[in-house]
Amino acid sequence: MLKHAFLKHKWRRMRLRVWKRRLTEQLDRLARVTGIAFPVTLSVTWGPFYNGSAILNRTLRQARIDIQIPYDRYLTADERKVLSRYGVPRRHLPYFILFHEYAHLADAANLIRQAGSKALLAAGISRAKLAKAAADYRELPFEAAADQFACRCYRDLCKKAG
């Protein structure tokens, strides 16, 4: 029993390390292609469900993308909708989440470049209000644009893989 628990823990730790390496490679590729000026770090952890977030620090000079992968690989209704809508296999959902969150980061970087940090703050507040009021937040224009970016990046990744 103890040996089984140890092997399970070892397998999970290895799975997390493999995903971190894969996603870091994709993040580096995206940084070269899009040319975001500030460094972006990646954090891959275990969580209750597939999830991601992009965080920009207060000085707007560093960013972090957090991605959660569930232990049990359980899919929520929202995740199933993404998989069916964009044709992403379940095992590649972390790639899609990374690309989606990177799109939000690229959008924020463009907004900072064009209008400054105050415009970014105002846009963030208005988007949060829109997300609270929306029945399906995936239908919001900025979420749909991030999904489309993620879909294009995922297709490019598939083409490179063969």
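The values are calculated or read from the model by the stated rules, or taken from the named source; none is laboratory data. Since the model is a prediction, treat every value here as computed from it, not as a measurement. Neighbour counts are summed over all protein chains in view; Cβ atoms, including those assigned to glycine, are modelled from backbone coordinates with ideal geometry. SASA here: full protein model, heavy atoms, side chains in, ligands and nucleic acids out. Shrake-Rupley method; radii C 1.70, N 1.55, O 1.52, S 1.80 Å.
Restriction of the trypsin sites (Lys or Arg not before Pro) in the stretch 49-78 to DSSP coil positions whose beta-carbon has at most 13 other beta-carbons within 10 angstrom yields ARG58, ARG61, ARG73.
For the chain, the longest principal axis of the alpha carbon atoms and the long axis of helix 117-133 meet at an angle near 60°.
Here LYS129 is the anchor, and the lysines within straight C-alpha reach of less than 28 Å, apart from those fewer than 8 places off in the same chain, are LYS81, LYS118.
With the other protein chains left in place, how much accessible area per residue, in square angstrom, belongs to the chain at a 1.4 angstrom probe?
Per-residue accessible area for the chain comes out at 63 Å².
Helix 141-161 and the longest principal axis of the Cα set of the chain meet at an angle near 50°. From the square roots a ≥ b ≥ c of the eigenvalues of the alpha-carbon gyration tensor of the stretch 100-146, which class results: rounded (a/c under 1.5), prolate (a/b over b/c), or oblate? Oblate is the answer for the stretch 100-146, as a/c is 1.5 or above yet b/c matches or exceeds a/b. The region of the chain that goes longest without hitting one of the chymotrypsin sites (Phe, Trp or Tyr not before Pro) in a DSSP loop, each with at most 13 other Cβ atoms within 10 Å, is 75-162. Share of carbon and sulfur in the accessible area of the stretch 1-61 stands at 59%, probe radius 1.4 Å. Computed from Cα positions, the angle between helix 93-115 and the longest principal axis of the chain comes to roughly 20 degrees. Mean separation of Cα pairs under 8 Å and 6 or more residues apart, divided by the residue count, gives the chain a relative contact order of 18 percent.
Note: the chain, Cα convex hull, 134 Å³ per residue.
Report the rotationally averaged projected area of the stretch 9-77 based on its alpha-carbon convex hull, in square nanometres.
5.6 nm²
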